[in-house]
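The values are calculated or read from the model by the stated rules, or taken from the named source; none is laboratory data. Fair warning: this is a prediction, and the values are worked out from it, not measured in the lab. Every residue, glycine as well, gets a Cβ built from its backbone with ideal geometry; the counts of neighbours run over all protein chains shown.
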Amino acid sequence: MPTTILNHLETFLILAIILSGFVGLATAKNIIRSIICLNITQTGIILLFLSLVYEPGMLPPVLPTPTQSMVDPTPEALVITTIVIGAAITSLALMMSIKIFHHYGTLDWKELADREG
Amino acid sequence: MITYPLLMVFLPIISAIFIYIMGKSWANRLVFATQLALSLLYLQLIAIFPVLNSKSLVIGDWTLQSGIALKIDNLSMAFIGLAIFMWWMVILYAWPIYKKDNKFLFFLLFLEGTFLGLLMVNDLFSMFVFIDIITILSAILVVYKKDGWSLRSGLYYLMINSMGMLTYLMGFVIVYMLTGTLNWDLATERLSVLPLSPSIYAAYILMSASVSVKAAFFPTFNWLSRAHGSAPASISALLSGLLVKGGLYAFIRIQELFSRPMMGDFFFHLGLITALSGVIFALSQKDIKQMLAFSTISQIGLMLMGISQIQTNIYYGGLIHLFNHALFKALLFLGAGILINHYKTRRLTQIRGVFQAFPLLSVTLFIGMLSITGAPFFNGYIGKYILSTELASKPLYFSLYHLVNLGTIMTYMKFSQIFFLPNEESKPFLPDPKQWGKMDRPRHIIPSLILAFSCLFATFGFSFLGNLVQADFPTVRLFSATKYVHWSLTVILAYILTKAFIFTDRITHILHAIREVKIPFYHTAYMFILLLASMLVFAW
C-alpha cells in the first residue's frame, strides 16, 4: 500500500513539473525564460516516461543483469534521442536569440512583436 | 526490397554532406544528379509498388515489435511523388541565386531526405524524430537571410513547433504504455481492441493537438504567416506548398492510428474557423508574401474540413485539394519572389504594371490565381467541387464555405491590382519601359511555367492522380452548370464588394486594426493550452 501512494505522489509531482513548464511558456515575457521552460517541460515528460516503465525491484538494463529482472530498455534509448533533439533545439534557439539581441537590443517577446519590418 | 526506400532517405543526406564538405562549385551540381537519381528511384518504387504496398519493412534483423519499420502505401506514394516534384521546382528556381552557396544546398537536400523519411516511416518515435529535424532545418532555412525580421520569425517558428512536439511526446508515452510497442501497425491493432478509455482520449488529444501546431490550425497559426513571409522566396514556396502538408500527413496518420472516429466533428469545425480567420487576415494584408501566407492558412482550413471526416467522400475532396494547393501556391510564391527581386519592395501598393513588364509571368500568375479560387477548368476546382457537393446538404456549412470562397476571390482581386499601370497621382516604382517583356523570357521562369502547366494538367488528369491516392475516388463532373453559376455569382459579388470596400477608404481602419494584431509567443502558448482544454471539454 505505501508503495502505491508513493507511486501516485511521484506521478503527480512529475505532472506538476510538466504543468509548471507549460504555465511558464504561457507567461514568460523573455525569450531565454521561454527556452528554459521548454526544457523544463521536456525534462518532465522524460521523467514521466521513465517513472511509468519502472517497476519496483527491477534493475537498470546494463548487460550482466539477467534479462528477467531488467526494466524495459526501449524507453532509455528513446529518451537519449529525445535529449539530443532537445539539446539541438535549445542551442539553435539560443543562437538565434543572441543574434536577435545584437539586432534589436532586447529579448522581450512583446517588444520584438511590436517592432516594424 | 528495403534498399530503395532507405536509399531515398539517405541518398539526399549523403550527397548534402558531400556538397558541404567539398565546398566547390562543381560539387554543387551534384544537386541535380541527386534529384535525377531520386526521380529514377521513384519510378523504380512505382514498378515494385504492387509487391511493396502496405508491407512493413523492418530495418535490420529486428522484430516488428521493437525494430524501426518503413511502410509505403498509396498515400505516402503520392506524397513522395509530390515532394520530389516540388524539390525539382525549388532547386530549379534557387539554382541561379544559390549555385555558389554550398551551405544553402546542404540544408535544402538534407531537408529533402528527412521529409521523404517522414513520409515512409512507420513507427511513432521515428515520426517524432523526423518532424523535429524538419522543424530545425526549416527554421535554419527561414533565418537564412539573417536580417532582423527573418530571425524573429525563425525563432518564433522554432519555439512554437517544438512546444507542439512536446505534447506529441506525451501522447506517444501514453500509447507506448497502453500497447507496449512503437510500431504504427501493431499499435493500431492493439488500440482497436482496447475499450475506449480516458487514457486513449488523452493520447489522441495530445498527439493531434501537437500536429495542429505543425499544420497551422486555428489558434496557433500565426507562426506560418511570419515564417512564410520572411523566408527566401524558394523556401516560402517549399514551406507553403509542401512542409505544412507534412503536418497534415501526420494528422491523417494519427487519425488512422486511433482507427475509430474520435473527434472528427471537432476538427471539422476547427477547419471552418481556420479557413474564415485565414481569409480575414489575408484580406487585410499589404505585404504580398504575407497575403499569400494567410491565404495558405485559409486553404489549410478547407483541407482540414475534408480530411477530418476520414473514410467519407469529403475526405478525398480535402486530400485532392491538398495536392492541388501545393502546385498553385508554389507557383504564386515563386512568381512573387521574382517580382520582389525586380521591384525591390514587398508592398502591394508599390508594385505596378506587372502585366506590361512581365507578360509571360503574369499569365502563370493568372493561372495560379484562377486555380486557388476554384475556377472551372483549373485544378482548384476539383477539390472545391467535392467539398461543395458534400456540404450542399447542410445549409449552414454550405453558406460558410461560400463565404470562405468569396473571401479568397476578394483576396486575389486585391492581389491583382499589381498587374495594372498606376494612376496619375501615385508614382510607384516602375521598370524601364524599354525592358518590358525582356525580363521573363521562358528560360528565366522555367519552374513557374512547369508549375502552371501541371496546374492545367492536374485538372484533366486528376482521375490518374486520384487513382494514385486511392482507388475509390468520388466522381467529379468537369462540366457542371450549377458549379459554374455558383462560381460566376461569387466572382461578381466579390468584384462589387472589392470595389466598394477594399479599394476605397471605408473600412481602412478595420483592415489596419486587423493587420496590426501582433501576438507575442506567450499568448500563442496560452492559446495552445486553451486548444488542449477545449479538446478535453469536447471529449468529455
Restricting the first residue to segment B:45-73 and requiring it to be on the phi > 0 side of the Ramachandran plot, which pairs with a second residue that is among the acidic types (Asp, Glu) and surrounded by 13 or more Cβ atoms within 10 Å (Cβ to Cβ) meet a Cβ separation below 6 Å and a spacing of at least six or different chains? B:Ser54/B:Asp73
Have a look at A:Phe22, A:Phe49 and point out the one that is more than 20 Å from B:Leu532 (Cα to Cα) and of a type outside the set (Ser, Thr, Tyr). A:Phe49
Find all pairs meeting these conditions: Cβ atoms under 7 angstrom apart; at least six residues apart or on different chains; first residue within segment A:103-116 and among the basic types (Lys, Arg); second residue in a loop (DSSP other than H, G, I, E, B). A:Lys110/A:Lys29; A:Lys110/B:Pro520
Residue list for segment B:309-339, filter: under 15 Å from the mean Cα position of the chain (by Cα) and not in a helix (DSSP H, G or I): none
Would you tally the residues in segment B:499-531 being hydrophobic (A, V, I, L, M, F, W, C), within 25 Å of the chain's Cα centre (by Cα) and part of a loop (DSSP other than H, G, I, E, B)? 2
Would you mind stating whether A:Thr11 is modelled with pLDDT under 90, farther than 30 Å from A:Met96 by Cβ, more than 22 Å from the chain's Cα centre (by Cα) and not aliphatic (A, V, I, L, M)? no
Based on what the data block shows, is B:Thr188 modelled with pLDDT under 90 and either surrounded by 24 or more Cβ atoms within 10 Å (Cβ to Cβ) or touching a Leu at 6+ places or on another chain (Cβ under 6 Å) (or both)? yes
Kindly indicate the residue of segment B:280-300 that is surrounded by fewer than 24 Cβ atoms within 10 Å (Cβ to Cβ) and within 16 Å of the chain's Cα centre (by Cα) and also farthest from B:Gly264 (Cα to Cα) among those meeting that condition. B:Lys289
Scanning segment B:386-404 for residues that are touching a Gly at 6+ places or on another chain (Cβ under 8 Å) and of a type in the set (A, V, I, L, M, F, W, C) gives B:Ile386, B:Leu387, B:Val404
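State whether the residues of segment B:189-196 include one that is within 13 Å of chain A (Cβ to nearest Cβ), more than 16 Å from B:Glu256 (Cβ to Cβ), out of contact with any strand residue (DSSP E or B) (no Cβ under 8 Å at 6 or more places or on another chain) and of a type outside the set (Lys, Arg). Let's see the steps before the verdict.
Going through segment B:189-196, the residues within 13 Å of chain A (Cβ to nearest Cβ) turn out to be none.
No, there is no match, as no residue in segment B:189-196 is within 13 Å of chain A (Cβ to nearest Cβ), more than 16 Å from B:Glu256 (Cβ to Cβ), out of contact with any strand residue (DSSP E or B) (no Cβ under 8 Å at 6 or more places or on another chain) and of a type outside the set (Lys, Arg).
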Just name the residue that is surrounded by the fewest Cβ atoms within 10 Å (Cβ to Cβ) out of those in segment B:55-67 that are of a type outside the set (A, V, I, L, M) and within 13 Å of B:Leu186 (Cα to Cα). B:Thr63
Taking the stated definitions as given, is A:Thr81 closer than 23 Å to B:Ser126 by Cβ and hydroxyl-bearing (Ser, Thr, Tyr)? yes
Could you list, in sequence order, all residues of segment B:374-418 that are more than 18 Å from B:His325 (Cα to Cα) and not in a helix (DSSP H, G or I)? B:Ala392, B:Ser393, B:Lys394
Specify the residue that is farthest from the other protein chains (Cβ to nearest Cβ); the eligible residues are those in segment B:478-522 that are basic (Lys, Arg) and touching a residue at least 40 places away in the same chain (Cβ under 8 Å). B:Lys483
Can you list the helices (runs of 4 or more DSSP H) found entirely within segment B:225-308 that contain at least 2 residues being of a type in the set (Val, Ile, Thr), touching a residue at least 24 places away in the same chain (Cβ under 8 Å) and under 22 Å from B:Ile386 (Cβ atoms)? B:244-258, B:264-284, B:288-307
Going through segment B:190-210 in order, the residues found to be part of a helix (DSSP H, G or I), hydroxyl-bearing (Ser, Thr, Tyr) and out of contact with any helix residue (DSSP H, G or I) (no Cβ under 7 Å at 6 or more places or on another chain) are B:Ser192
State whether the residues of segment B:27-37 include one that is at pLDDT below 90 and touching a Pro at 6+ places or on another chain (Cβ under 6 Å). no
Go through segment B:175-202 and count every residue that is under 20 Å from B:Leu536 (Cα atoms) and touching a residue at least 40 places away in the same chain (Cβ under 8 Å). 5
From the set of residues in segment B:154-165 that are closer than 30 Å to B:Leu186 by Cβ and free of Cβ contacts under 8 Å to residues at least 60 places away in the same chain, which is farthest from the other protein chains (Cβ to nearest Cβ)? B:Met165
